[in-house]
Amino acid sequence: MATAVDFPAASEATSGAVGKRARHARPGVRRRREMLLVWVFLLPSLAVFFLYRILPLVWNAVLSAQQFSLFAPSQWIGLDHYREMVDDPVFWTSLRNTLLFMASAPVGILLALAISLIVNAGIRGRDVYRTIVFLSYPLMTVAVGIIWRWMYDEKVGLFNYVLRSLHLIDTPLPFLQSFELALPSVLIANVWQILGFYMIILLAGLQGIPQNLYEAASIDGASPRQQFFRITLPLLRPSLFLAFVIGIMTSFTSFDLVYVMTQGGPSHQSELLITYIYKAAFELSRIDYAAALTIVQFALLVTLTWAGNRLAGGDAGAVESGA
Amino acid sequence: MALRSVRRPLRFAGRIAVLALAAMTLALAAPASAQQKKISFLTWNISDQEDLFKEWIAEFKKIRPDVDVEWLDKKGPELPAFYQTQVIAGTPPDIINTQGALWLEYAAAGGLVDLTPYLDREPAVRNRFNADYLAQWKYDGRNYMLPFYISKTLLFYNKTMFKDAGIAAPPQTFQQLLDDAAKMAKGEKTGFMTLNFDWLYWPLFRMNGVDLLTPDFKKAAFDTPEGVRVLDALAKATSNGSINKTSWTGRWVEPNGAFAGGNVGMLLAHSPAFFFIRGQAPWVNADTLGVAQAPGGWSTPNSHGLGISKGSKNPDIAWQFLKMVTSENWTEKLSARRKVLTGNVASDTKLLAQMKKDDPLAAAVLQTQVEDTDKLTGNWPLASDSRVKEAVYPEIQNAVLGRKPAAEALKDAEVKVNRVLAR
């Protein structure tokens, strides 16, 4: 027989069930509100990213398939610009030069590695050496280009003065006006400038390697050479990968150095893809063709970064834990 | 607790958004409510005349108090990029100053206002100008620009080097030019140099009867035995040091600087180079620097013009401004301050007369600018001028710097030019 006592029990059970439902519902509502808050705070950054990265990329791709005019409606021409690129000798020259520029990155990284190893050792004054090497990196690239241009100058340049003083040459070398020497001259200036940055990255990587690994290896009789190839290099992989990626990016973005030093000359011999894109857009008024060149450069950059990642063992060269 | 922690930032964000929207609405509404009009004019690397432009603006304010005028100045390599971005954004400067043939690209694409109807309505404005120079800005029979300041190439020569080499007078033929250059080339000294941008070197070809294009401007015409001969001669002269290599690799500072250094016998450049050189070279005076027309009297113009953008919202006001700044009163001021000819006949005549008294050497330089104006070259009415230049000049460089034989370079250039013209 139901009693008043039962009712309170029933109502307790009911209110308990209701309470249980409310406790289940509250986490879900709370989570939705939290997600909403996250999106509200992310939205401005995403909007900026979309407006300044995604939208221009899409517009660039569309532009590359159009005949664009500043003053008239554009016309769709499909892959015509890409077909034109195949027959464009300046495109192939600038592509070759960009790849050569990229190939100079490992040279710079090797030099930086050597300097990092020296600086990382307990030599006296290493902080000073580190600072001196790094000093080139914060300099404005335009300033670097102007200084190196004057150093390479045929009449009054430092290099010709030194080479002639040492009787290594009889007549001055036209470094930046020579078809053979223009690009290597720019590459040397570029490596000089970025060396300090590579050094900092590699130094940070070196200092992150536990010393007890070297101690253990010494105890086991490993030579310095073996320690370098079996411990240092593998554990430096993430830093090497980062330096390599930055080197690739630099070869695709070194507009200012080339523009100041040679303007891509003589006769496009030091032209990079990035300088050719600028010229096509703003000197030849061919924004549509420049857009097509940009798409090719973008595809190349993505492909090279992916290949570099694979070569570094994937996952941006990260070392497996427990290794 | 969690709900409260979410609500507060949301409410705050909402309030900020409303305030921002209100502020934007006010800002956008403000100009709409004003009656003031505005025009802007963009000049090409002439910021040294800031005071003059402020005077222009003040004077125009008296004529049109309802119009604000904004002045913008960009360096040469920056101006085209800046102008293009402004056109795409829908806010082109109302008035644009261009140098060389850049205006052609804009005019051919419908980007400039045709000034012919304005000039037809006001013949007095048309008659202000040197007819040959005004005609420089004609495309398809229509005038798109007015002269701002004018120049063309001439031959500067170092009289001291001439005397030392036993040369009595400036060369009258291409061969004489090469021979004189060879005589003066010794050690660090070279005999001849030219500027190379905007076709300024083309008189060297034209004086030998080599033209760039066929009369209908549809095909390349320079790949001829004469063209090969000229280019081969220039290459040999560059190789043996008679012609300074910087002719083909420098733009402005390097070649003019080299001539100012006193080690180059002759320089083919336009008149503004004189003031740069004189500023750099203490040796320059009437006894040491000579000026003459290049052999055959051929020259390449490199003048500055003023036009109205098609996208201008106030083209009639822009025309009023143009009329004012190209009037005798204002062109006299510009020419006196900057020592340039403006294409305004009355002002130019006054300037030349005054300078013959004050600065005979500068007067001699400027006098060459109004002579042989029927022998202008390097000024083809091509919308694709920059692309044709890009097709030709690297091959010229290849030949003169010894990378390719002249015949092969011209053949390759011809293929590229014809491809550009066919597009």
Among helices (runs of 4 or more DSSP H) lying entirely in the stretch A:51-126, which contain 3 or more residues that are under 30 Å from A:PHE228 (Cα atoms) and in the same structural domain as A:THR294 (by TED's automatic domain parsing)?
-> A:89-120
Can you pull out the residues in the stretch B:61-113 that are away from chain A (no Cβ under 14 Å), assigned to a loop (DSSP other than H, G, I, E, B) and out of contact with any Ser or Thr (no Cβ under 8 Å at 6 or more places or on another chain)?
-> B:ARG64, B:PRO65, B:ASP66
Only one of (1) touching a Phe, Trp or Tyr at 6+ places or on another chain (Cβ under 7 Å); (2) outside any loop (DSSP other than H, G, I, E, B) does not apply to B:VAL210, and that is (2)
Failed item in (1) assigned to a helix (DSSP H, G or I); (2) crowded, with 20+ Cβ neighbours inside 10 Å; (3) at pLDDT 90 or above, with A:ILE295 passing the rest = (2)
Starting from the stretch B:278-302, take each residue that is outside any loop (DSSP other than H, G, I, E, B) and list its partners that are surrounded by fewer than 18 Cβ atoms within 10 Å (Cβ to Cβ) and β-branched (Val, Ile, Thr), counting only C-beta distances under 7 angstrom and pairs at least six apart or across chains.
-> B:PRO295/B:THR173
Pairs returned, first residue in the stretch A:144-157 that is without any contact (Cβ under 8 Å) to a residue 24 or more places away in the chain, second residue that is part of a loop (DSSP other than H, G, I, E, B) and basic (Lys, Arg), beta-carbon separation under 9 angstrom, 6 or more apart or interchain, are A:GLU154/B:LYS245
Quick one: in the stretch B:322-378, of everything that is among the polar types (S, T, N, Q) and in a loop (DSSP other than H, G, I, E, B), which residue is modelled with the lowest pLDDT?
-> B:THR373
Counted residues, the stretch A:142-160 - those being assigned to a helix (DSSP H, G or I), within 14 Å of chain B (Cβ to nearest Cβ) and surrounded by fewer than 15 Cβ atoms within 10 Å (Cβ to Cβ) = 3
Consider A:TYR276 carefully, then state whether it is of a type in the set (Ser, Thr, Tyr), surrounded by fewer than 21 Cβ atoms within 10 Å (Cβ to Cβ), at pLDDT 90 or above and under 30 Å from A:ALA61 (Cβ atoms).
-> no
List the pairs whose first member sits in the stretch B:379-394 and is more than 11 Å from chain A (Cβ to nearest Cβ), whose second member is at pLDDT 90 or above and part of a helix (DSSP H, G or I), and whose Cβ atoms are under 7 Å apart, counting only residues at least 6 apart or on separate chains?
-> B:ASN379/B:GLN136; B:PRO381/B:LEU104; B:LEU382/B:LEU104; B:LEU382/B:VAL388; B:VAL392/B:ALA413; B:VAL392/B:VAL417
Is it the case that B:PHE12 is at pLDDT below 85, over 18 Å from B:LYS323 (Cβ atoms) and not small (Gly, Ala, Ser)?
-> yes
Specify which of the listed residues (B:GLY279, B:GLY241, B:GLY262) is farther than 29 Å from B:LEU212 by Cβ, within 14 Å of another protein chain (Cβ to nearest Cβ) and over 18 Å from the mean Cα position of the chain (by Cα).
-> B:GLY262
Wholly inside the stretch A:179-248, helices (runs of 4 or more DSSP H) that include 1 or more residues that are crowded, with 17+ Cβ neighbours inside 10 Å and among the small types (Gly, Ala, Ser) are A:182-207
Failed condition for B:ASN398, given (1) surrounded by fewer than 23 Cβ atoms within 10 Å (Cβ to Cβ); (2) within 14 Å of chain A (Cβ to nearest Cβ); (3) at pLDDT below 95 | (1)
Which condition breaks for B:GLY305 when tested against (1) within 19 Å of the chain's Cα centre (by Cα); (2) more than 25 Å from B:GLU50 (Cβ to Cβ); (3) modelled with pLDDT of 95 or more?
-> (2)
So how many residues does the stretch A:64-81 have that are in contact with a helix residue (DSSP H, G or I) (Cβ under 6 Å, 6 or more places away or on another chain) and more than 11 Å from chain B (Cβ to nearest Cβ)?
-> 3
Among the residues of the stretch A:249-272, how many are of a type in the set (A, V, I, L, M, F, W, C), surrounded by 23 or more Cβ atoms within 10 Å (Cβ to Cβ) and outside any loop (DSSP other than H, G, I, E, B)?
-> 3
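The values are calculated or read from the model by the stated rules, or taken from the named source; none is laboratory data. Every value quoted in this text rests on a predicted model; they were computed, and no experiment measured them. Don't worry about glycine lacking a Cβ; one is built from the backbone with ideal geometry, like all the others, and counts go over all protein chains shown.
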